[in-house]
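Heads up, the thing below is written out as structure tokens.
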Amino acid sequence: MYATYYPRPRHAKGQKNSPTTREHISTHNNDDVMLRPNILFLLIDCLRADALFGTNRGSRTPTLDRLVRTGVSCTQAVSSASSTTQCVASLLTGTYSFVHGIRSIFGLKLNPTVPTLVETLRTAGYYTIAEVSGPLFPETGLDRGFDVYHFREGSAYLSTAWGADLRQRLQSTEFRSPWFLFLHLWELHHHRHILPAFRHRTYGRNRYERALSSLDSELATLIAALPQNTLIVIHVSASTRFKRWPEDSFVSLVVALVQQDGSRRVFLTSGPSDVEAARRITDAARRNLGSLGSALLESRTFPLADLRALIVRAALFIGGDSGPLHIAATTSVPIVELLGPTLAERSFPWRDPSCFSEIIDPGDLPCRPCHQRTCVPGDFRCLTGTRPERVIAAAERALRSTHRLVASATNARKIPVVH
């Protein structure tokens, strides 16, 4: 990556809220960029653990509850300091105050020899943005590594014009993917910001709880504004030609998935023997998609560890009876398996029953299962008989899933098989 830094201009009087910007030039491959997730680092100043966990909560926080339920939450955390500036410096450097140099809210600056998370991400090709308030002035040195460091007044909340502008920017092309957004919110800080609709006991027993309920409603609109680029990994290889779904069927599948939602990105993977097949499928799908053809990323082969890292990043894995299918089964990513001559009872890998899995089975055929030496009927009907429409429907069901469907104890090992 090559980057040019320009000195931060001094703010003219009355322009305290002007963003700090730097020119950002990256030479990373566009497909590599698409495979890196955008990162939203959401820091809610003064958010207390007892407001999110436990039964004695008075706030109504469905948005935060959903993030806790579907993500990873740490119920025990030890702060490195008792004020915002020092804590943010520790979060961004992984060091204590005596190392990073910020020991108070004001007056001290980040140690220039201590690397930051933001600098690491920027070096990796991320476009880095900060939207901060309170005591996080750029003079603290916390702006280091950010392409844009925007300090705003404490009265600029998600519910004000600033929040509306932020949501609009998230939906525009201003944030170049992959981006890292450090978003610092001030709504819970004294005196607490409460929208009129939440100034009632229904939303909390005190001003703090009502401010949190109010903020939660604004977080819902913020999350709804986030770009929804969905990565789908489709493995087009199998160990033998007796397990490979036809190329034209893969083309129809890819085209339908992208046409259904233009924000989706499709990555075709293959083994070394099927690289050309993957390229033919990619080229044919791009021709059919026209202006949406850029949704297909360049296909390639991966070492196993890198392949798993790719699958973990995806919202869906589709593939036949193959090694990558078993790798995908070790993740929580939804799976749609395309069966041919083999049977689900023998070939489908074990995985956590709470994870979405669906098998597309060709049905009862007198020649199934076979030894995969020769196709007795001669037409590979166990593969050609599986129409793309069935796979498309299964893929859409998987993409609509929560990725963590709860199975009953009596149904723990029953994976849906569609005949």
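Just so you know, all these numbers are worked out from the coordinates, no wet-lab data involved. Everything numeric in this text was worked out from a predicted model, so none of it was measured. Cβ sites come from the backbone with ideal geometry, for glycine too, and all protein chains shown count toward neighbours.
Here the peptides 305-316, 96-107 are ranked by packing, the mean other Cβ count within 10 Å, and the order with the highest first is 305-316, 96-107.
Applied to the range 219-227, the Karplus parametrisation 6.51 cos²θ - 1.76 cosθ + 1.60 on θ = phi - 60° returns per-residue 3J(HN,Hα) values of 4, 4, 6, 5, 5, 5, 7, 5, x Hz, with x for Gly and Pro.
If I take every Cα pair under 8 Å that is 6 or more residues apart in the chain, average their sequence separation and divide by the length, what percent do I get for the relative contact order? Display every interim value, and only then the final one.
Details: 698 pairs, mean separation 53.7, N = 419.
Reported as a whole number, the value is 13 percent.
Scaling against 2.2 N^0.38 Å puts the C-alpha radius of gyration of the range 20-224 at 1.06.
Full extension of the chain segment joining ALA77 with THR384 gains 105.0 nm, where the gain is 0.36 nm per residue of separation less the Cα-Cα distance.
Rounded if a/c is under 1.5, else prolate if a/b beats b/c, else oblate: with a ≥ b ≥ c from the C-alpha gyration tensor eigenvalues square-rooted, which is the range 79-197? Cα axes put the range 79-197 in the oblate bin.
With neighbours defined as other Cβ atoms within 10 Å of a residue's Cβ, the residues LYS243, LYS109 order from fewest to most as LYS109, LYS243. Look at TRP186, TRP350 and count the other Cβ atoms within 10 Å of each Cβ; fewest to most, that gives TRP350, TRP186. The calculated FRET efficiency for ALA49 paired with ARG313, based on their beta-carbon distance and R0 = 25 Å, is about 0.25. Compared with the dominant principal axis of the Cα atoms in the chain, helix 84-93 is inclined by about 40°.
Set the Cα radius of gyration of the chain against 2.2 N^0.38 Å, with N its number of residues, and you get 1.17.
Ordered by packing density, taken as the mean number of other Cβ atoms within 10 Å over each peptide's residues, highest first, how do 76-82, 364-370, 388-394, 333-339 rank? Walk me through the numbers before you get to the answer.
Details: 76-82: 9.0, 364-370: 12.0, 388-394: 18.7, 333-339: 26.1.
Most protected by this proxy first, the peptides run 333-339, 388-394, 364-370, 76-82.
Taking 7 Å steps out from each Cα toward its Cβ at LEU304 and GLU247 produces label points 2.9 nm apart. Taking amide H as placed 1.01 Å from N in the peptide plane, the amide H of THR269 sits under 5 Å from that of ILE234, HIS235, VAL236, each at least 5 places away or on another chain. In this simple spin-label model, placing a label point 7 Å from the Cα along the Cα-to-Cβ direction at both CYS375 and THR221 gives a separation of 5.6 nm.
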